[in-house]
1. Read phi for every residue in the range 171-176 and hand back ³J(HN,Hα) as whole Hz from Karplus 6.51 cos²θ - 1.76 cosθ + 1.60, θ = phi - 60°, with x for Gly and Pro.
2. What is the local net charge at Gly163, summed over the other residues whose Cβ is closer than 15 Å to its Cβ (Lys, Arg +1; Asp, Glu -1)?
3. Probe of 1.4 angstrom, ligands and nucleic acids ignored: what's the accessible area per residue over the range 197-344, in square angstrom?
4. With θ set to phi - 60° and the Karplus curve 6.51 cos²θ - 1.76 cosθ + 1.60, what are the ³J(HN,Hα) couplings of the range 246-256 in order, to the nearest whole Hz, using x for Gly and Pro?
5. Out of the DSSP beta bridges found with both residues in the range 285-444, what percent are antiparallel (nearest 5)?
6. If the chain between Ser164 and Leu397 were fully stretched, how many nm would it gain, using 0.36 nm times the residue separation less the Cα-Cα distance?
7. Of the trypsin sites (Lys or Arg not before Pro) in the range 256-363, which ones lie in a loop per DSSP and count no more than 16 other C-beta atoms within 10 Å?
8. Report the extension gain between Lys387 and Thr343 in nm, rounded to one decimal, defined as 0.36 nm multiplied by the number of residues separating them, less their alpha carbon distance.
Amino acid sequence: MPEAPYSSGRNEVRCREHLFRLVAFSALTGCEAFAGLQGDREEKALASAAGGSGAGGESSQSQSGGGGPVGNADDAHPAAGDDSGGSGAGLGGQSSAAGGRGGSGGGDGLKPVDAGDSGDAGTAGAVDDESGGTVLDTPSCAGLVPTGCEHVNPCLTLPVTGGSFRLGRDETGELDDYFPTGGTNERPDHAVSISPFYLDKYEVTVARFRRFVDSYQGALLDENAGAAPHIPGSGWRSTWNSKLPADAAALRARLGDNDASSLTDLRTWSTSADTGECRPLNNVDWYLAFAFCIWDGGRLPTEAEWEFVAAAGDEERLFPWGSATPEKRAVFNCAFTGGLSCTPGDLPHVGTLSPRGNGRWGHADLAGSLAEYTRDVYESGFYASSKDTTTDPVNLLIDAVANEGVVRGGEFSSSGDLLRSAARWTWLRNDRSVTVGVRCARDL
């Protein structure tokens, strides 16, 4: 049986910054007030991997927004524990045609890099290995000089071989992603097959999104733009054009607005280029995230595709890198700068802890940094339903009118438990947060 899963050991309470969960010890010690910011919901407190426990009731979904991803009654979120746990035309004039990886110059928009083994340097901050990937020549990346990104190129996309794996959390203890106190929405685990695709190595940076903003002329995306060719009906719906800003001024205003958490100092967007251009872009809603990926020749990954990459396919990893604890492998728990509260320094540039925290195919920041949007409509019992097909599953039930989507991966204020590859949360598509960003998928 795998070792006991990791539980965070930082015992200080940061009520304002805890965006994914309320920290639950024997008492909430003043964090009860934070529940009101997230829709007066209660959080189910689970026993930590170290054996500690917390009291709490079942959560209730908030439709009013909030700081971070919220769960419904059967989403389970771990409590903090101690340190004893184990290891379309109109978008800048670019084509909105669905599928493909092309940028503005025709062709596939990709420049190959010499193949090689991504490896693991074993120490945080080592030079990231860019071999085996492909440099994007898409609108957000063509000619982009990644100034200030230190050892990473934010314009890499990586091939994912595809294959079969068990989607969801193992409950038997036979697989490495076994986690006894995870959410009921993570089960049952079940066999599915994923077609090969590309997934960008890093989350979309401020600099890449600035290209989108600078070229934005309002959005008139075509029906089914950004669809995966092997997943019918998975593209953009033209009725969603009304969800996007009318012009560049409106887009800039939206990016400058506060999100519901009021953590304005943690927004990564700035009105002009500065030293934060290599940080991951946050405070965008699902519609803007999807529109960006389409403009850039890609799409949003499905939830199953995302988990396939994070769990290393049939390796069924607990975390993208394996079963080791997240320290020095993930940006999490507001601990990057070592202070007692969340600061802008706790959300550094993409790939800061790469390659040590990379996944099987070389992707960075799948756990921590920012949570990431997926294509799916959220349904807590989707894994147990007949709708969850065995090949390239995606939940498009009531997609045209649904407002609940799925985010994955944990984020910079999450405890270690929430970085698991199988963990999933509901998120309102029209909400924005400093804890949520985007990573684009592309088709072979």
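1. My calculation for the range 171-176 gives 10, 9, x, 8, 10, 5 Hz in order.
2. That sum, taken over residues with Cβ under 15 Å, equals -3.
3. Per residue, the range 197-344 has an accessible area of 32 Å².
4. Going residue by residue, I get 6, 7, 4, 4, 5, 5, 4, 5, 5, 5, x Hz, with x marking Gly and Pro.
5. Roughly 75 percent of the beta bridges in the range 285-444 run antiparallel, per DSSP.
6. Values: separation 233, 0.36 × 233 = 83.88 nm, distance 2.36 nm.
Length difference between fully extended and current span is 81.5 nm.
7. Within the range 256-363, the qualifying trypsin sites (Lys or Arg not before Pro) (loop, at most 16 other Cβ atoms within 10 Å) are Lys328.
8. Between Lys387 and Thr343, full extension yields an extra 11.6 nm.
The values are calculated or read from the model by the stated rules, or taken from the named source; none is laboratory data. As the structure is a prediction and not an experimental result, all values here were calculated from the model. Cβ atoms come from the backbone with ideal geometry, glycine included; neighbour counts cover every protein chain shown. We work out accessible area using only protein heavy atoms, side chains counted, and drop any ligands, DNA or RNA first. Shrake-Rupley method; radii C 1.70, N 1.55, O 1.52, S 1.80 Å.
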